[in-house]
Amino acid sequence: MAGLRRWFRLPASPIEHSVEGRAFVFSGFAVAVLAIVIYGQDYVVPLLGVVAAGCGHVVSYRERNRKRTFWRQAFLAALVFGALFYVIADSSLALFGGVLPQANFAILLVAITSFDLKTRRNCYSSLWISLALLYLAAVYAWDYAFGIIAALWTLCLAGFWLASHLRRINAQVRGPARAIVVMVVGALVAGGVSFIAVPQPSGVPISPLVISLPNFTAFRGDIESPALPLVQLAGDPSGATSSVDLHYRGRLGDAPVMYVRTGAPAYWRGLVFDTYRDGAWTASQHGYRELPPYVPPRLLPAAPPDNLGTFVQTVRVLRPLPGVINAAYPVESLYAPVAALREDAYGTFHTPDQLKPGQTYSVVSYLPNLTPAVLRGADPMDQEHLDAYPDHYDVYADPDPVSMRARDLASEVARGAANEYDQVMALTTYLQRNYRYTLNLPPVPAGKDPVDWFLFDVKTGYCEQFATAEALMLRSLGIPARLVTGYATGDYDPVLNQAIVREHDAHAWVEVWFPGHGWVPVDPTPGVSPLAATRFPNHWAGGGIARLLPHLTIGAPAAALGSLGALAVVPVAIAIAVAVVLAYAWLRRRTWKPRHKMQPGESDLLRLYERVQRRFSRRRAPPETPLEYQHAMQSQLLGDVTQAVNEGVYAGRWPDAKRVRELTERIS
Amino acid sequence: MPWLFLLAWWVLALVGAAAVYAGWNRSGLSLRLAVRNATPAAGSPADELPDHVLRRGPVPAPVFEGDGFGIEIALGAARGERGPVWAAGQIANKDVSAGTGLVPKAGWSRVKVFRAARRGPVSASGWRIHTSDPLGFFGGVRRAADSEIALILPRFASLAARRQTRELEASVAAPRAGSGNELFGIREYRPGDSLRRIHWRSSARHGELVVREYEPPGVQTLGIFVDPNPVTTEIADQVARIAASEAWDCLRDGGRVVIWGPGLEPTQSPRDLWGLLEWLARYPSQAPTNGEASPPASGEVVMVTSSANPALIEAVDEARRRGTRVRGWVIGDAELDIDAPMERVGTAWPV
């Protein structure tokens, strides 16, 4: 037992006497708090925390040589428990306003423990908590300015290392300014370049890594099939709409509605509508199933047959949104910090209440690999697929809502298409080429069918018109199709792997049923790729940058390379290699000796000496000196070579190349 | 989370840059250890010695046992400023270290003060120059050669005031210094000196009047025979102090001094106080003679011993048989069968 205790006991940490080192520790904390203030928009506790931590550092430094007293330790422990009570009360009951309880807890923890920073290990603990604070702020940081804060914190860390090290050798905090500046700036530049150029592995941030205030509101009533902000009709308690009416559309502004941190730009799918009557889409299925906040893969459908793996999206809501989980589909797993989730009949996930600003959730989605060749191979008459076709999907093939003119147009456009995929693409490209996209559309005249008005009169429209026309015309051809609403990718930043989704990114597109592949997103809106709902996941930030320059051919290969998940091992391999090199250097540093540099003629002469020995019947025995060997062999050439070797070894006078050549010629 | 990757890359790049820095930092550095100053303790000979004697002493100042002294640890950077650098090792068997974040091109030094020095050589051993990057991740070590950086001289004081010594000396006619025929050297001009003795060339060189000094007639050489094997360090220190005091009294009166011990090489410069003190500072650890060196001839012999060393007794007897005046100092309770005046003392100083 005693041995076990010894094994687990930490080695004693020295008292940190460096006031500069402590100043850097405090500065690191202040930088992290600044990040919380800027990006978390939380002010009271951070400011109080910084003031308290400053006082604590002064007290700790003055009393660093005193022994810890029981009552002070007990008092500080009580304060830590008080902070723990705060985080629980604020997280679950929002007693203190519910603003960033985790960050505030970390701030209070640093402030309390700063009154007891005696040793270097204590200082490191404070730094690591401020790093956790920085991480919390990073969850909310979506611009490059956060890089400045990260750089400042890195400099504080380096400053603490510097001050602590110099104090350890009883030196003042000074050094070769130019060399240190070169080192630090070089490191920052090299780190930044590496960050941009080296692939970033895509992790799976499930529950512990998602920072969001839990929402314990429970469901009340049934799902009302709310739509996203395309059309405002009567909504459910969550503030969502219940249908999409093509007769009019609300104005959409430029305000951001959510941030999506993702490796793969995708369409963020929301609600699905399958029934079209009198110019309005509704959902016919109102069933749902209850799911826990964390939905593991086993509770969701199996992976689609053609996929490139999975990728992660972390969404932060910026404006009040209907309680719908917008995400790339199909979903492998998800975590949303709410009391309960519901999945409707169309695979969309709902939350019981509105999504409030600050709410975050994470979704892991499959990345479809649906190429034209794959989709052309889908055989709608295949018996297996016919058996798997759900009966209620008949609603998707209902041709009634569409006029005869539209049916004729669909037949005309799809004539000659050999398979379902070609039919879909013929219609899609037809709409994209012959119709114009506009948001300035007058209201549909009274008595006019919105689809016919779009197809044959104005020939301009917005995404709902395109998607509705496509879906209904496909249905007239016997191809199941439905309307999907959600958001387009938004402004995607390939370096930070994030997209800013704005109001005007609200979008509608079509999902087409392909036997054996399920619902495939198709977008007839002009200006986008018909099958480009989800692009390559971008493990390569550099590949993403290249993609910003579409006229360069490097973009596509780099992005394609990035799609290979195995390449994600590259940064890990680099890190391991660097660690191995550093460990090797550390192990050798005490015994490091410069390698012996051979002088001209040395290697040639020693090779010649070896050759001469091989010529004789006996080589020089290990205990035999060269002279003894020479006397034993009785050879003039050996004598000359031996003399040259001895002069080189003992006097450092190695022969020049010419002399070695002469000796070599004699042997030959 | 891209920001964590950015942080990780920066930290990794810092570590990598630190490795490069550490490699750069370890080149062109040198270490020098030297006595910088001495702080005489109460009763130190340094306060008693005249300036012209001190001027001929060790540079920058002689250090006597009991004095304080400063050792300068100097780091040089031949290829431009470097840092952090620190040096650590042992001085007089004490761990000493000094470090700095910056070694300018002109060099950097720090003086470490030692108090109450003990007689003997002060050696610097096991010294290493440590270098690292500013963050302390990667270090480099280079060994410096062991060396002797100071010699702590024995304390001494004039014993002429002691009654017995004065009685012994009363029988010796005190020659007048500077009145002989053999050139002894030069010294500063004192009132009463003949103008003919002024050495004009040396006066011009020194910027003050300097006179020739001639060996007094009839001056005798004092032979100080010391115990070659003192039992303890305290006894050895006392032997050295008494021998130094005797030598000082003799030299001050214009005499010559040879110090010898059985098996030990005798001193070489009979008029050089500092040479004699250096010999005594190393006593009894001098290199032994090759073979049996005979005791030097002298007009008077003073034996300083703590034991009845047969070779020492024989040498003293031989001197007596030759008619040399002999007296002695016995440290401790040793019984000596010598027909000569002996003074018995302990190890306390002054005696």
Specify the inter-centroid distance of segment A:56-71 and segment A:258-299, based on alpha-carbon positions, in whole Å. 57 Å
Between A:Ala499 and residues 5 or more places away or on another chain, which pairs have amide H atoms under 5 Å apart, with H built 1.01 Å from N, and which residues are they? A:Val260, A:Arg261, A:Thr262, A:Asp493
Distance in Å, no decimals, from the C-alpha centre of segment B:236-280 to the one of segment A:607-639 is 61 Å
Interchain or sequence-distant (5+) residues whose placed amide H lies within less than 5 Å of the amide H of B:Val326 are B:Val301
Too long at a 31 Å Cα-Cα cut-off: which of A:Lys67/B:Lys94; A:Lys356/A:Lys459; A:Lys118/B:Lys94? A:Lys356/A:Lys459
Give me A:Phe105, A:Phe75 sorted ascending by neighbouring Cβ count inside 10 Å, so fewest comes first. A:Phe75, A:Phe105
Along segment A:477-487, what does the Karplus equation 6.51 cos²θ - 1.76 cosθ + 1.60 (θ = phi - 60°) give for ³J(HN,Hα), rounded to whole Hz, x for Gly and Pro? 8, x, 9, x, 8, 8, 8, 10, 10, x, 10
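Select from chain B the helices, each a whole stretch of DSSP H, whose alpha-carbon atoms run 30 Å or more along the helix axis and whose Kyte-Doolittle mean is at least -0.5; answer none if there are none. The partial results should precede the final answer.
Numbers: long enough: B:2-25 (33 Å, 1.43).
Length and hydropathy pass: B:2-25.
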Relative to the compact globular guide of 2.2 N^0.38 Å, what is the alpha carbon radius of gyration of chain B, as a ratio? 1.33
List the residues, sorted by chain then number, that are 5 or more residues from A:Leu334 or on another chain and whose placed amide H is less than 5 Å from its amide H. A:Val295, A:Val364
Of all DSSP beta bridges with both partners in segment B:31-162, the antiparallel percent, nearest 5, is 95 percent
What residue among B:Val15, B:Val316, B:Val239 shows peak mean-square fluctuation when chain B is described by a Gaussian network model with Cα springs under 10 Å? B:Val15
Between A:Ser13 and A:Ala446, what is the label-point separation in nm under the 7 Å Cα-to-beta-carbon projection? 7.9 nm
Can you sort A:Tyr39, B:Tyr283, A:Tyr294 so the residue with the fewest Cβ neighbours within 10 Å comes first? A:Tyr294, A:Tyr39, B:Tyr283
Counting other C-beta atoms within 10 Å, which of B:Ile313, B:Ile71, A:Ile574 has the fewest, and how do the rest follow? A:Ile574, B:Ile313, B:Ile71
Viscosity 1.567 mPa s, temperature 4 °C: give me the Stokes-Einstein translational D for segment A:235-356 in µm²/s, with Rh taken as the Kirkwood radius over C-alpha pairs. 81 µm²/s
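Using DSSP, restrict attention to beta bridges with both residues in chain B and report what percent are antiparallel, rounded to the nearest 5. Show your work: numbers first, answer last.
On the way: 49 of 71 bridges.
Around 70 percent antiparallel, to the nearest 5.
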What spacing in nm lies between the two simple spin-label points modelled at A:Ala621 and A:Asp656, each 7 Å away from Cα in the Cβ direction? 4.0 nm
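Quick note: the coordinates plus some simple rules give every number you see, no bench work behind them. Since this is a predicted model, take the numbers as computed values, not measurements. Reconstructed Cβ throughout: ideal geometry from the backbone, glycine too, with neighbour counts over all protein chains shown.
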